[in-house]
Amino acid sequence: MSFSAEQFKQQFPLFAQEENAGLVYLDNAATTQKPLSVINTMRDYYIHSSANTHRSSHRLARKSTEMVEQVRDKARQFVNAASGKEIIFCRGATEALNLLAHCLCSELEPGDEIVISTAEHHANIVPWQMAAKRHNLILRYVPHTAGVPQFDRLGEVLNERTRVVSLTGGSNSIGLRPDLSLIRQLLRRMHIMWVVDGAQLAAHEEIDVQKIGCDFFVCSAHKFYGPSGIGFLYGREILLESMPPWLGGGEMIAEVEFQQSRYAELPHKFEAGTSPLAAIAGLGAALDFLSRQDRVAMAEHEQRLTRMLHRELSASPNFRLISQVHHNLGIIAFVPVHGSATDLMHWLDERDIAVRVGHHCAQILGRTSGNQVTVRASVAAYNTDSDVRDFLQALDDYCEVQQSAISDEEVEPTSWTRDDFSLLQLERLASHRNWQGRYRELLLWSKVVSRKPEIRNPENLVRGCESEAWLVHREIDGRHFFGLDSDSRVVKGLGALLLSQIDGCTTEEIEALDLPLLFKELGLSKHLSQSRSNGFYALMRRAFHQVESGENRL
Ligand code: PMP
């Protein structure tokens, strides 16, 4: 078999929609798109087979139950578990990790230890913290260098009290993929339970839990082309057998008496309540879909794109790469040298390029590495070379605009009262024929807005702006004056546009303005992302409220 990204992409109807014709989707670590077979299977389930499982014995219930057990077997094959009893359906990796933290830790003694790493997703940190607090356990971290866990030094934090080691199979924020065979070596012959958070890993390579040698493995279908709301936990039968159940309710019992109950056999002991049945059907379709692909060729394609992106970004003086190309699942994390990561994300969004900016649910890694906010581009097999080229071109354009905007001297901080908006000419902004020119002009306008640490307090924070922004107002002799601050250049630029229209005006003059119309006529509503537009309107509403309420009148 071989692999063609273009042909693979054709199986995903989202990309065939007119509104998505230019979409470059590089947010796959958050969730992947779904192939038609998954969508149709879920629809067909409701049309042809919908009934609750296991409890009733009529035709539809039998059909639905059969489907669930068939999907369980597909999941078993997907990770090469020894038995279907070892596959527990749950909502996803988060729920599976909560189940493990709850059930494993309730059997531990105070002072027992759990080891995790700085590269874990919050889903593999917080449940252990909660359980540690409840049972007086000690949480340890794999030694790290500038935040990056050194898995080869895992042995340094293991001791006779270590009971659980729960580590990522691949980090969602920097793509780092530990060498699982090395971890297996280090844990060999120690009676320690090993959990692998495979939420990212399962999308990128074939999983064999017996070969990995872990005791537990968790994953979420939506990360590998399946539906959201379903995932599963693999656990070694002997361990699942000895664990207490987690949630109580229907399905997980054999017999209920007045004071106590007898629990169902595996795997049902851990599946209380009605399962998300259509999602299970969709998971089955996703597993079938993956089994029809050449997974090795798919992974090679993803790795080639990952290398291309790392090569280009590492050669650019305008970006600082956070992720490394080696042992990487397909995640490129970086920060722009000039301007904020959020501004860059919006710039990309305005070109219909989807990436993510933030801490990526890995605040400990962000804090320990000093990179609290990064831009993350994550690849899937339907990403093409042209996606990568469009992304890199957009980054180049962004840098060009940033450079021309920062070449002038930075504006010195002054007090908020007297930012001078009089030089900002609307005609000049409107005269730029293309959007790029207008955007550059807006960035230049942002320089009129001086830094004002004194107004940065919760009272002045404007709600509804994605990037933080603070706005203050004073009315002097019937005229309104405003002070604005933000870390985002785009927000400052948009704020400067707003204040160029209203600063120094009377209430009547302000009320006579039609700012939404102006915003539209300048093409801002067309080219800016929804959240940026919302930011402008949030600033406008706050300013109008200040004018109307007559706050701070002198
Ligand atoms: N672990 C990792 C590494 C992840 O990337 C994610 C999802 N981003 C999770 C756990 C949690 O997965 P879910 O939200 O599907 O439960």
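The values are calculated or read from the model by the stated rules, or taken from the named source; none is laboratory data. Computed from a prediction, not measured in an experiment: that's the story for all the values here. With ideal geometry, Cβ positions are generated from the backbone for all residues, glycine too; neighbour counts draw on all protein chains shown. The accessibility values were calculated without ligands, DNA or RNA, using every heavy atom of the protein model including side chains. Shrake-Rupley method; radii C 1.70, N 1.55, O 1.52, S 1.80 Å.
Tabulated values for the structure
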{"item": "Extent along principal axes [Cα atoms of region 426-549; Å; largest to smallest]", "result": "39, 30, 23"}
{"item": "Relative contact order (percent, whole number), the chain, Cα cutoff 8 Å, 6+ residue spacing", "result": "15"}
{"item": "Prolate/oblate/rounded label for region 46-87 (Cα gyration tensor, a/c 1.5)", "result": "prolate"}
{"item": "Candidate residues Met42, Met252: accessible-area rank, largest first, probe 1.4 Å", "result": "Met42, Met252"}
{"item": "Solvent-accessible area per residue for region 489-554 (1.4 angstrom probe, square angstrom)", "result": "46"}
{"item": "J(HN,Hα) series, region 368-384, from Karplus relation 6.51 cos²θ - 1.76 cosθ + 1.60, nearest Hz, glycine and proline x", "result": "6, 9, x, 10, 6, 10, 10, 8, 10, 10, 10, 9, 10, 5, 7, 6, 10"}
{"item": "Size of electric dipole in region 39-291: Cβ of Lys, Arg +1 and of Asp, Glu -1, about Cα centre, debye, nearest 20", "result": "260"}
{"item": "Sulfur and carbon atoms: percent of accessible area, the chain [1.4 Å]", "result": "49"}
{"item": "Gln10-Glu265 FRET efficiency (beta carbon distance; Förster radius 41 Å; 0.05 resolution)", "result": "0.40"}
{"item": "Label-to-label distance, nm, for residues given as Asn80 and His191 (7 Å Cα→Cβ offset)", "result": "2.9"}
{"item": "Reciprocal of mean inverse Cα separation for region 39-291 (Kirkwood radius, Å)", "result": "18.8"}
{"item": "Residue pairs, from the table Lys63/Lys85; Lys9/Lys63; Lys492/Lys526; Lys34/Lys85, whose Cα atoms sit over 30 Å apart", "result": "Lys9/Lys63"}
{"item": "Rough spin-label spacing in nm, given labels placed 7 Å along Cα→Cβ, for His338 and Arg292", "result": "4.9"}
{"item": "Computed [θ] at 222 nm, deg cm²/dmol, the chain (DSSP H ≥ 4; -39,500 (n - 2.57); rounded to nearest 500)", "result": "-12000 deg cm²/dmol"}
{"item": "Placed amide H near Thr118: partners under 5 Å, 5+ positions off or other chain", "result": "Val142"}
{"item": "Computed accessible area, Tyr263, all protein chains, 1.4 angstrom probe, square angstrom", "result": "110"}
{"item": "Cα→Cβ-extended label distance, 7 Å offset, between Arg134 and Arg433, nm", "result": "6.7"}
{"item": "The chain, dipole about Cα centre (Lys/Arg Cβ +1, Asp/Glu Cβ -1), debye to the nearest 20", "result": "1140"}
{"item": "Dipole of the chain, positive end: most advanced residue of Gly155, Ile332, Leu471 [Cβ charges, Cα centre]", "result": "Gly155"}
{"item": "Listed peptides 270-279, 377-386 by packing density, highest first (mean Cβ within 10 Å)", "result": "377-386, 270-279"}
{"item": "Potential extension, Thr507-Asp73 segment - 0.36 nm per residue separation minus Cα distance", "result": "149.2 nm"}
{"item": "In degrees, nearest ten, helix 435-445 long axis to first principal axis of the chain (Cα)", "result": "70"}
{"item": "Convex hull of Cα atoms in region 111-170, direction-averaged projection (nm²)", "result": "4.0"}
{"item": "Measure of compaction for the chain (Cα Rg per 2.2 N^0.38 Å)", "result": "1.13"}
{"item": "Gain upon complete extension [Tyr141, Glu459; 0.36 nm per residue less C-alpha separation]", "result": "110.6 nm"}
{"item": "Whole-number accessible area per residue in Å² for region 39-291, which is evaluated in the context of all protein chains at 1.4 Å", "result": "43"}
{"item": "Cβ-based charge dipole, the chain, positive-most Cα from Phe216, His135, Leu528", "result": "Phe216"}
{"item": "Kirkwood Rh (inverse of mean 1/r, distinct Cα pairs), region 234-346, angstrom", "result": "19.2"}
{"item": "Rounded if a/c under 1.5, otherwise prolate or oblate - region 348-387, Cα gyration tensor axes", "result": "prolate"}
{"item": "Relative contact order (%) - region 39-291, alpha-carbon pairs under 8 angstrom, separation at least six", "result": "24"}
{"item": "Pairwise FRET efficiency - Gln17 versus His48, Cβ, R0 = 41 Å, nearest 0.05", "result": "0.95"}
{"item": "FRET efficiency, 1/(1 + (r/R0)^6) with R0 22 Å, evaluated for Glu300 and Ile238 via beta carbons", "result": "0.05"}
{"item": "Cα-based shape type of region 1-119, given that a ≥ b ≥ c are square roots of the gyration tensor eigenvalues and the cut on a/c is 1.5", "result": "oblate"}
{"item": "Positive dipole terminus of the chain, leading residue within His54, Leu423, Trp445 (C-beta point charges)", "result": "His54"}
{"item": "Backbone HN-Hα couplings from phi across region 158-170 [Karplus 6.51/-1.76/1.60, Hz, Gly and Pro as x]", "result": "8, 8, 5, 9, 5, 10, 9, 10, 10, 10, 5, x, x"}
{"item": "Relative packing of 146-155, 338-347, 527-536, which averages over residues the other C-beta atoms within 10 Å, highest first", "result": "338-347, 527-536, 146-155"}
{"item": "Residue-by-residue Karplus 3J(HN,Hα) for region 350-363, coefficients 6.51, -1.76, 1.60, Hz, glycine and proline x", "result": "5, 9, 6, 10, 9, 10, 10, 10, x, 9, 6, 6, 9, 5"}
{"item": "Mean Cβ count within 10 Å, highest first, over the residues of peptides 123-129, 283-289, 178-184", "result": "283-289, 123-129, 178-184"}
{"item": "The chain - share of DSSP beta bridges that are antiparallel (%, nearest 5)", "result": "65"}
{"item": "Only Lys, Arg (+1) and Asp, Glu (-1) charged, at Cβ; region 313-413 dipole about Cα centre in debye", "result": "720"}
{"item": "Positive minus negative residues near Val388 (Lys, Arg vs Asp, Glu; Cβ under 12 Å)", "result": "-1"}
{"item": "Principal semi-axes in Å for region 221-268 [√(5λ), Cα gyration tensor, largest first]", "result": "27, 15, 7"}
